[in-house]
Amino acid sequence: MTVMTAQEQVAAGRHAAMAGERRTARVLIALALVTTAFLILAPLVYIFWRAFAEGTSGYWAAITTPETLHAIWLTVIVTVVVVPVNVAFGIAVAWAIARFRFPGRGLLMTIVEIPFSISPIIAGISYLLLYGRQGFLGPFLREHDITILFALPGIILVTLFVTAPFVAREVLPLMLAKGSEQEEAAVTLGARGWQVFRYVTLPGIRWALLYGAVLCAARAVGEFGGVSVVSGRVAGQTNTLPLQIELLYNEMSTSVAAFAAASTLTMIAIVALIAKTLLDSRSGHG
Amino acid sequence: MTVALARIRPKRVLPGFALSLGTTLLYVSVIILIPIIALMISGAGIGWDRFVRIVTSTRTLDALRVTVTAAAIATVINAFYGLLMAWVLTRYEFRGRALLDAMMDIPFALPTAVAGLALTSLFASTGWFGGPLEAAGIQVVYALPGIIIAMTFTSVPFVVRAVQPVLEDLDPALEEAAKTLGATPWQTFSKVILPAILPAWLGGCTVSMARSMGEFGAVVFIAGNLPGKTEIASLLAFIRLQEYDYRGASVIALILLVFALLLLLVSNLFQIRAARYREGGK
């Protein structure tokens, strides 16, 4: 046994430390993979496992019942209305807040974020208290024979509420970061308002806009709590797909039907995630 | 007045101020503010005595206790899971890292009803997890653990996504300096890294808590909804509506709204601290 020089001792110490770090890394990575497999991957896989428990024919039979098809159709209509409206809203908010200074600007930013932090159930109840029979606008609506609650307009309104911040919160930070020099230059050169937006602003924010729209659509398709308050939940009429899933599950928890319906929403979620990952790399989001 | 105008004018070279702000204010009023004000007026309008009576009824208090307990435990679980995931995703290179990163967003993308359905059937006695757990004498579905699992699942991304960017921005020189000065890995973590990520971490936990307290879709599937035992506050509000007890519903919704707004305020404070820390560090 030779005695180690000081240099060798330092090197050995560093070597041991690095080996220790590698061991820690391996343990932590393994822990992360195992917990994620149990917590997140398992539920996702289980949906498809149960949906295809009776093979593809059983799956198709479950999906193509008239009530489930109607629920899918209703969900598509709601999403098709909600997403463009909230894209337009997101652009308006971003333009007003990022390009101008006015009193209450900070407050407006906070208010736009509210739907993100409160329970959809609260949204549903608020709409009921406003538009319901005993609600503040109830008598007026009855007089003019306007139906909002327990029908399509109510479902759309609550979904608009729940998904309102999604586009704004993607586009606004980007427009703030980009600044307004280019747009001001365009105005100075004689561009009209819509030309400035179309040719200067839009190319810079289009990916963030698309990204926000994807998130908005994913949320709109899956909205449950708020819609369950205002939809009236009539199968084949006002049941959206998430509500239909609950109905099918409560009718018979062992059948394929609920899982087959849920699998369509799961696939939409996965497509949205893939789109999000692709857009992340383009729009430079973290 | 002229001074104020002069200060504002130069900023308004760009067109569209009236149009964009007008649209925004109209939309925000109709879609967000007026409904919430209706809830506040309705909840506050029933008078103090009745308000207190509804809030302090055993069923309401039980529901609030179940909600806060389950949400708090779910938040603690997510605090540690989120920290682990943020650490592993930013610090280590391994195969499947990008996929694991993308999977963190699944609970946001997946509709809550689907999450509820999947978790309930997974933990039911016929499910993959429920069978073995039941054999070991652990009841998850229709019990508090089920509510906790549903809340944990739906709020997974908050802590991960709050801590991740801060860890990425952290100057590696700080850690190397600590190491050179003889700090053990644990000392480096607790004395150098933890203080830097603390505001973001706590901010993520606050949002996670807010989300868990408001969660409805996933919980109603798994909870069994037994009054006094597994009935959460948002479900009780929903049940009151079904009974046409609009006052009862609006009072419970109002309490949940106040909780949510308070947590939003706290998380904003943490965000400001976190932003200040990040700017100061550069």
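The values are calculated or read from the model by the stated rules, or taken from the named source; none is laboratory data. What you see is a predicted model, and the numbers here were worked out from it, not measured in a lab. We place every Cβ from the backbone using ideal geometry, glycine too, and count neighbours over all the protein chains shown.
Annotations for the structure displayed:
- Of all the criteria given as (1) more than 28 Å from A:Val221 (Cα to Cα); (2) more than 8 Å from chain A (Cβ to nearest Cβ), the one not satisfied by B:Tyr92 is (2).
- Restricting the stretch B:236-248 to residues that are more than 15 Å from B:Thr58 (Cα to Cα) and not basic (Lys, Arg), the residue that is surrounded by the most Cβ atoms within 10 Å (Cβ to Cβ) is B:Leu241.
- Of all residues in the stretch B:187-218 being β-branched (Val, Ile, Thr) and within 14 Å of the chain's Cα centre (by Cα), the one that is nearest to the other protein chains (Cβ to nearest Cβ): B:Val207
- Conditions (1) surrounded by 11 or more Cβ atoms within 10 Å (Cβ to Cβ); (2) at positive phi; number of the one not met by A:Gly55: (1)
- Within the stretch A:116-153, if we keep just the residues that are away from chain B (no Cβ under 12 Å) and in a helix (DSSP H, G or I), the residue that is farthest from B:Phe216 (Cα to Cα) turns out to be A:Glu143.
- Exclusive hit being farther than 22 Å from A:Ala217 by Cβ, part of a helix (DSSP H, G or I), under 30 Å from the mean Cα position of the chain (by Cα) and within 14 Å of chain B (Cβ to nearest Cβ), set A:Val27, A:Val78, A:Val34: A:Val34
- Members of the stretch A:192-221 found to be touching a residue at least 60 places away in the same chain (Cβ under 8 Å) and among the aliphatic types (A, V, I, L, M), listed by number: A:Ile205, A:Ala208, A:Leu209, A:Leu210, A:Ala213, A:Val214, A:Leu215, A:Ala217, A:Ala220, A:Val221
- Taking the conditions (1) modelled with pLDDT of 90 or more; (2) over 19 Å from A:Val214 (Cα atoms) in turn, A:Val112 satisfies each one other than (2).
- When residues of the stretch B:82-115 are limited to those that are assigned to a helix (DSSP H, G or I) and of a type in the set (Ser, Thr, Tyr), the one surrounded by the fewest Cβ atoms within 10 Å (Cβ to Cβ): B:Thr90
- Filtering A:Ala185, A:Ala235 for residues that are modelled with pLDDT under 90, of a type in the set (A, V, I, L, M) and farther than 30 Å from A:Thr277 by Cβ leaves a single hit, A:Ala235.
- Among residues of the stretch B:152-162 being within 12 Å of chain A (Cβ to nearest Cβ) and either touching a Ser or Thr at 6+ places or on another chain (Cβ under 8 Å) or β-branched (Val, Ile, Thr) (or both), the one that is surrounded by the most Cβ atoms within 10 Å (Cβ to Cβ) is B:Ser155.
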